[in-house]
């Protein structure tokens, strides 16, 4: 696998991010955003494939994760803060525009970035990343999605922090993270890498603040629930060419998240069967092929 270069970059958003790169800086830039509970390593296979094809690949460890800064307050993790980090990082690297790829929580940041600063983002690649309106709408309207997302209410509270403190990170890895996977899907050495990243400056605590800071509402499974009127109002359309790659067996984000009609004007969806939430390394070859073929179509090849 292609070795990645690492640097720490201090940003005017008052954080320092660990940033991993691969490929020639003269190549077309792709910034990769990971989700919970991962790091830049979410994209290890895609960075290897894309850098070999001539792209310049950039993957930060987002605030709160791994060796990046871990601001102390929950308010430091509202989505606008990582969005600001993204554009500050692009500025620091001298990138006026770029392709943006995202997974999981990284997708929440990428969707918001595309809505706020579309002139900076030339293309979007979303891997099992829920659109904010679709996600909130389905949390009210789709009982399967509501049930699948109840864990978010646990993560937003203090119970999970107490459980981890009592039972240890190994317990969280084996009984939470690995509930989405089979042992065959995880490279054996990755367990120690994850545990090491989660231990760095007690990162697991700051990582969970992403959940505590969100304004996404997960209604309870029982009892009357008042449906917000804004869910039926017009929502801004994203006009950036967008590729969505989706592991169809994702137990956390169900296929209803692909109901994107009217929200993205130039949309390609690639469905990957027999694959779950962590699609970028559960099915790396299929994801790599989808990304490279779509990019070639939208770039005329990579110079």
Quick one: residue 204 ticks every box in (1) at pLDDT 95 or above; (2) touching a strand residue (DSSP E or B) at 6+ places or on another chain (Cβ under 7 Å); (3) surrounded by 16 or more Cβ atoms within 10 Å (Cβ to Cβ) bar one, so which box is it?
(2)
Where in segment 88-154 are there helices (runs of 4 or more DSSP H), lying wholly inside it, with at least 1 residues that are within 22 Å of residue 78 (Cβ to Cβ) and without any contact (Cβ under 8 Å) to a residue 40 or more places away in the chain?
105-116
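Table: residues versus (1) over 18 Å from residue 35 (Cα atoms); (2) touching a helix residue (DSSP H, G or I) at 6+ places or on another chain (Cβ under 9 Å).
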position: 142; (1), (2): yes, yes
position: 149; (1), (2): no, yes
position: 155; (1), (2): no, yes
position: 161; (1), (2): yes, yes
position: 166; (1), (2): yes, no
position: 170; (1), (2): yes, yes
position: 178; (1), (2): no, yes
Quick count over segment 263-291, residues being in contact with a helix residue (DSSP H, G or I) (Cβ under 7 Å, 6 or more places away or on another chain) and assigned to a helix (DSSP H, G or I), is 8
For segment 239-262, name all the residues that are more than 23 Å from residue 299 (Cα to Cα) and part of a loop (DSSP other than H, G, I, E, B).
248, 249, 250, 251, 252, 253, 254, 259, 260, 261, 262
Which one of 250, 232 is without any contact (Cβ under 8 Å) to a residue 60 or more places away in the chain and out of contact with any helix residue (DSSP H, G or I) (no Cβ under 7 Å at 6 or more places or on another chain)?
232
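Please verify whether segment 50-64 includes one or more residues that are at pLDDT below 95 and either closer than 19 Å to residue 287 by Cβ or surrounded by fewer than 18 Cβ atoms within 10 Å (Cβ to Cβ) (or both).
Pass one, segment 50-64, residues at pLDDT below 95: none.
No; the residues of segment 50-64 include none that is at pLDDT below 95 and either closer than 19 Å to residue 287 by Cβ or surrounded by fewer than 18 Cβ atoms within 10 Å (Cβ to Cβ) (or both).
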If you go through segment 219-226 one residue at a time, do you hit one that is farther than 30 Å from residue 71 by Cβ, within 18 Å of the chain's Cα centre (by Cα) and in a loop (DSSP other than H, G, I, E, B)?
no
Check whether at least one residue in segment 216-231 is within 21 Å of residue 110 (Cα to Cα), in contact with a strand residue (DSSP E or B) (Cβ under 7 Å, 6 or more places away or on another chain) and surrounded by 15 or more Cβ atoms within 10 Å (Cβ to Cβ), and report yes or no.
no
If you go through segment 14-36 one residue at a time, do you hit one that is surrounded by 22 or more Cβ atoms within 10 Å (Cβ to Cβ), at positive phi and either more than 16 Å from the chain's Cα centre (by Cα) or modelled with pLDDT of 95 or more (or both)?
yes
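The values are calculated or read from the model by the stated rules, or taken from the named source; none is laboratory data. Computed from a predicted structure; not experimentally measured. Positions of Cβ are backbone-derived with ideal geometry, glycine not excepted, and every protein chain shown enters the neighbour counts.
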